[in-house]
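The values are calculated or read from the model by the stated rules, or taken from the named source; none is laboratory data. Every value quoted in this text rests on a predicted model; they were computed, and no experiment measured them. Cβ sites come from the backbone with ideal geometry, for glycine too, and all protein chains shown count toward neighbours. Only protein heavy atoms, including side chains, enter the accessible area calculation; ligands, DNA and RNA are left aside. Shrake-Rupley method; radii C 1.70, N 1.55, O 1.52, S 1.80 Å.
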Amino acid sequence: MCGIVGYLGRKEAFSILIEALKKLEYRGYDSAGVAIWNRGKIEIIRQKGKVDDLKKLASNKDIKGTMGIAHTRWATHGIPSERNAHPHRAGEVVVVHNGIIENYVELKQRLRNEGRRFSSDTDTEVIPHLINSYVEKGHNFVDAVRLAICELKGSYALGIIKEKERVMIAAKKESPLIIGVVDGESIIASDIPAILDITNKVIFLEDNDIAIFNEEGFRIIDTMGNAVERKIHTINWTSAMAQKGGYKHFMLKEIFEQPVAITNTLTGRVKEDKGEIELDNLKLPNLEKIKKIWMVACGTSYHACLIGKYIFESNLRIPVEVDIASEFRYRDPIIGKDNMLILVSQSGETADTIAAMKEGKKRDSFVLSICNVLGSTLARDADGVVFTHAGPEIGVASTKAFTTQITVLFMLMLFMAKKMGIFTTGQLKEKIGELRRIPHKIQEVLNNAKHIEEIARKYMTYKDFLYIGRGINYPSVMEGALKLKEISYIHAEAYAAGEMKHGPIALIDENFPVVVLSPYDITYQKTCSNIEEVLARRGKVLLFTDTSGHEMVERVESVFVMPKTIYELEPIISAIPLQLLAYYIANLLGTDVDQPRNLAKSVTVE
Ligand code: AGP
């Protein structure tokens, strides 16, 4: 997804912007560009490809200047190319943009009728033209921006500069944009890692905010021109935390961070001695009146919701309906004030999940978000929020976000169960105790990572994989298969183990490895029968079981043994070897693990 940065200060802007852009590479992009202001003139360089390619291109030019804006583009309108890369210019005005302008066709037509010429296929290009049209009509720069954005429909985070004036303007609606607060310098960015080398003091701009930067500092106004105040937050992530920290890829680092990420998610919230959970002063509606809970999300976060359904229904006995965010509102969901809507998202900026939140609010449901990113839209606009505290997740493939989401869902279930008087204090203490042991159990799996690397080496050349599991292990294998396909580009399909004989079994032969997830739980014996069915067809089985699951160990080709835990927490433990299997296969195949082709970390378009 696009990333924008901007700088105004005393230092050379180019290198600052390039470094900041590199920290946004995790968002996924296909082209990059930068505009530097120097003594009233603006020079733009941009091209298809990586930020390093842009740096190389710039090395032949003498780019000097202490103010500029820069961009990484993920194509939505117009193919990835130099002409579609940002920044875009019209007259004196130069713009970088993240988001989508929904009414760009009509705006473009109107601007064309005024004789303005367009040079790209993007929706973005209407923005500099519109601002420039107001400048030409005699409006000052700030008013021109303000009037122009009042005409935009859709989403935008904007960085804007103009020739002749040493002023930078940022504006935001439905796409993330932050200000790094530093003395004597101004920096804007789409996300925190881009500014952490410079400052940990951050303002999260809100929808319809316009920030104006000059030598003296900055001020924020709304679209009517009224001054607005925004709080400064201190971010505790160090720049090093957002870097690879010695691992080959962010994804591997993030897999190994899971014991710490889960510990951080539990810290200050679980009171084992009292059998209590405290969740950041979360105020829930009267639970007696909640007839149904909805859990809505995308991708990996959707898989966390499917696991959440098992956790909630088996303990709270409240029906839970899980939906994919991009489907939810199109089926006119039966949701109202006696329902609770739980939205799960690492980024808190996924467009479809935000749209689902709006739908829930419109229909008077209590909306609770589970997010990892402080200040994100879902965190700000929900009626309640519980953060996952996983730390920055840079790899496009979600790992520690997933396991901390399940952790929060489990804590939330305990929190609600306590309110509903479902468990005795002894039962609560027991469940909290097991939750607290999870980071150690994950560490045990991580200590055996080499064994999974050996398994990966054995199977890396296969072209298709089937993943099967039953009960709570079914969403876990869906997640395992998603991990493999998104980073290794190998076809992987997940099935409920009992469904295999209703179709997919026809595919089984010696060239079709089957990953079976079967800890020794209520589903174990039945899954053993499915393993027999695969073996009878000369299929290769990679079995992931736990220390009690002995039955099939001698019969299958490869086995990985996980520590034992209670049923509801099995998905946290089993996520780790499945993530590692996908990682090692992708690494052995040499794919771009952290930025897989065609994927974006944060999907901010619907
Ligand atoms: C999974 O590895 C992907 N990165 C993707 O499915 C992701 O989980 C999805 O896009 C949702 O993102 P969110 O959690 O930030 O809302």
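So what is the relative contact order for the chain, in percent, with contacts set as C-alpha pairs under 8 Å and at least six apart?
The value is 12 percent.
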| message | Need one word for region 2-243: rounded, prolate or oblate. Basis is the Cα gyration tensor (sqrt eigenvalues a ≥ b ≥ c); a/c below 1.5 gives rounded, then a/b vs b/c decides. | response | rounded
| request: Can you tell me the dipole magnitude for the chain around its Cα centre, using point charges on the Cβ only (Lys, Arg +1; Asp, Glu -1), in Debye to the nearest 20? | output: 560
| remark: Of the candidates Thr377, Cys528, Ala506, the farthest towards the positive dipole end of the chain (Lys/Arg Cβ +1, Asp/Glu Cβ -1, centred on the Cα centre) is Thr377
| Relative to the longest principal axis of the chain, what angle (0 to 90°, nearest 10) does the C-alpha long axis of helix 449-459 take? | 90
| task | Any chance you could list P(r) for the chain, counting all Cα-Cα pairs in 10 angstrom bins from zero, rounded to whole %? | result | 3, 17, 25, 24, 17, 10, 4, 0, 0
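Ordered by packing density, taken as the mean number of other Cβ atoms within 10 Å over each peptide's residues, highest first, how do 250-261, 344-355, 205-216, 589-600 rank?
Result, highest mean Cβ count within 10 Å first: 344-355, 250-261, 205-216, 589-600.
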| query | Per the 1.4 Å probe, what fraction of the accessible area of the chain, in percent, lies on carbon and sulfur atoms? | reply | 49
| task | Any of Lys291/Lys337; Lys41/Lys173; Lys137/Lys164; Lys56/Lys201; Lys61/Lys244; Lys441/Lys526 with alpha carbons more than 21 Å apart? Name them for me. | result | Lys41/Lys173; Lys56/Lys201; Lys61/Lys244; Lys441/Lys526
| task | Starting from the Cα of Asp592, step 7 Å along the direction of its Cβ; do the same at Asp52; then give the gap between the two resulting points in nm. | result | 1.1
| said: Tell me the per residue accessible area of the chain using a 1.4 Å probe; a whole number in Å² is fine. | reply: 38
| message | Taking just the alpha-carbon atoms of region 252-441, what radius of gyration and Dmax come out, in angstrom? | response | 15.6, 46
| field | Sequence-separation-based contact order of region 2-243, relative, with Cα cut under 8 Å and 6+ spacing, percent | value | 20
| request: Once you have the Cα-Cα distance between Glu288 and Thr267, take 0.36 nm times their residue separation minus that, and quote the gain in nm to one decimal. | output: 4.7 nm
| field | Qualifying GluC sites (Glu not before Pro) for region 506-554 [loop in DSSP, other Cβ within 10 Å: at most 16] | value | Glu510, Glu551, Glu554
| note | Nearest 10, in degrees from 0 to 90: the angle of helix 299-316 to the longest Cα principal axis of the chain is 50
| said: Please give the Cα centre distance for region 481-549 versus region 109-146, rounded to the nearest Å. | reply: 57
| task | For n ≥ 4 DSSP H runs only, could you compute -39500 (n - 2.57) per run for the chain, divide by its residues and tell me the 222 nm figure to the nearest 500? | result | -11000 deg cm²/dmol
| request: Determine the distance separating the Cα centre of region 355-397 from the Cα centre of region 1-69; give it in Å without decimals. | output: 31
| remark: Within the under-11-Å Cβ sphere about Lys601, not counting Lys601, Lys/Arg +1 and Asp/Glu -1 give a net charge of -4
| message | Below 8 Å, C-alpha to C-alpha, sequence gap of six or more: please give me the relative contact order for region 252-441 in percent. | response | 30
| Extreme residue, positive dipole direction of the chain, given options Val445, Gly40, Ala171 (C-beta unit charges) | Gly40
